[in-house]
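S.K.: Just passing along the structure, written as structure tokens.
The values are calculated or read from the model by the stated rules, or taken from the named source; none is laboratory data. None of the values given here were measured: they were computed from a predicted structure. Cβ atoms come from the backbone with ideal geometry, glycine included; neighbour counts cover every protein chain shown.
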Amino acid sequence: MNSARSGNRTVRSALATIAISLLAVTDAIAADIIFVDDFTSSHLIQWVRKHPKAGGASILLDPAYVTASRASGSGGIYLTMYLEVPPALNGNDDYPKRSALKFFGSSSGGIPAAGACVIAEGVIGMFNGATQLNTATWTPVDSAMCGDSPIVPYVVSVADVATDTDTGTAGNQPAATAEPFESVLVKFNSPYILTSNGGTGAFKIGDDSLQTGGYLSVAQFQYQYTAVQGNQPASITGVLDEFDTMTDIVFQLLPRSAADIVE
């Protein structure tokens, strides 16, 4: 416990330094979005998600849990993972619903498992619409620094976070609350599978078989599921990811393993 407190003091000291340095980066950050108080009263993942215009700033985050991770690229040289603040440490409850952030860096330091508590640092950026920590590195820490409060998936409906709420209009019209759940671990109870995928690629789910409330695209991350139109699993869990194209806004659910889809 003493080591946890010491670690927290070290992190807070670093945060104070970062807050001061950010104020000086006027070419990368507009002055009207810098609030130094946020660095002492809020979890920094929340700050990054609230102020994505702070792109280009190097930042050290408070401890957070890993909810999903994978290696990619030739030889698995890249690491993508999602970090989330335990609800007990989520100081602001207005936005986002839960504080989470995408991480992208080298896999040379290893690939932490889901549930690991880590400290990450890197450069704030945007990638295909998602707020992301780029050229990022991570350090494992004791779970006590994450409050010993594991992440439980936030139960939502497709209507809450749909890829497209109006299938009769060209392009996607994402659900109004999709953005606040970006990178958050979410769960859908009894969704309907709207499209088959033949064992390859993405498929769609909805709150009912008629697509009332639109649909959500479910894509492969670590696990490829064979979807059959008309089936209704007991639940589907995954990270809600934003991955926009050049012409459209796309939210997608990323299951992590077979355990995330309960038949």
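S.K.: Go through (1) surrounded by fewer than 18 Cβ atoms within 10 Å (Cβ to Cβ); (2) assigned by TED's automatic domain parsing to the domain that holds SER69; (3) without any contact (Cβ under 8 Å) to a residue 40 or more places away in the chain and name the single condition PHE103 misses.
M.R.: (1)
S.K.: Here's another thing I want to ask about it. Consider region 124-156. How many of its residues are buried (at least 16 other Cβ atoms within 10 Å of the Cβ) and either touching a strand residue (DSSP E or B) at 6+ places or on another chain (Cβ under 7 Å) or among the β-branched types (Val, Ile, Thr) (or both)?
M.R.: 19
S.K.: Any idea which of THR177, THR167, THR212, THR200 is modelled with pLDDT under 95, under 27 Å from ILE59 (Cβ atoms) and not aromatic (Phe, Trp, Tyr)? Spell out how you get there, then give the answer.
M.R.: On the way: THR167 fails: under 27 Å from ILE59 (Cβ atoms); THR212 fails: under 27 Å from ILE59 (Cβ atoms); THR200 fails: under 27 Å from ILE59 (Cβ atoms).
None of the others qualify; the one that does is THR177.
S.K.: OK, next. Can you tell me which residue is nearest to GLY171 (Cα to Cα) among those in region 211-227 that are out of contact with any Phe, Trp or Tyr (no Cβ under 9 Å at 6 or more places or on another chain) and of a type outside the set (Ser, Thr, Tyr)?
M.R.: GLY214
S.K.: Give the residues of region 209-251 that are without any contact (Cβ under 8 Å) to a residue 12 or more places away in the chain and within 30 Å of TYR78 (Cα to Cα), sorted by residue number.
M.R.: The answer is MET246, and nothing else.
S.K.: Sticking with this structure for a sec: Determine whether ASP160 is within 17 Å of the chain's Cα centre (by Cα) and either assigned by TED's automatic domain parsing to the domain that holds VAL239 or not in a loop (DSSP other than H, G, I, E, B) (or both).
M.R.: Details: within 17 Å of the chain's Cα centre (by Cα): yes; either assigned by TED's automatic domain parsing to the domain that holds VAL239 or not in a loop (DSSP other than H, G, I, E, B) (or both): yes.
Yes; evaluated as a whole, the condition is true for this residue.
S.K.: Residue under question is THR177, and the condition is that it be within 19 Å of the chain's Cα centre (by Cα), surrounded by fewer than 21 Cβ atoms within 10 Å (Cβ to Cβ) and more than 24 Å from LEU79 (Cα to Cα); does it hold? Even if it seems obvious, please write down each step before you answer.
M.R.: Details: within 19 Å of the chain's Cα centre (by Cα): yes; surrounded by fewer than 21 Cβ atoms within 10 Å (Cβ to Cβ): yes; more than 24 Å from LEU79 (Cα to Cα): yes.
In short, yes.
S.K.: Run VAL141 past the list (1) in the same structural domain as THR245 (by TED's automatic domain parsing); (2) in contact with a Pro (Cβ under 7 Å, 6 or more places away or on another chain); (3) among the hydrophobic types (A, V, I, L, M, F, W, C) and report the number of the one that doesn't hold.
M.R.: With (1) in the same structural domain as THR245 (by TED's automatic domain parsing); (2) in contact with a Pro (Cβ under 7 Å, 6 or more places away or on another chain); (3) among the hydrophobic types (A, V, I, L, M, F, W, C) applied to VAL141, the lone miss is (1).
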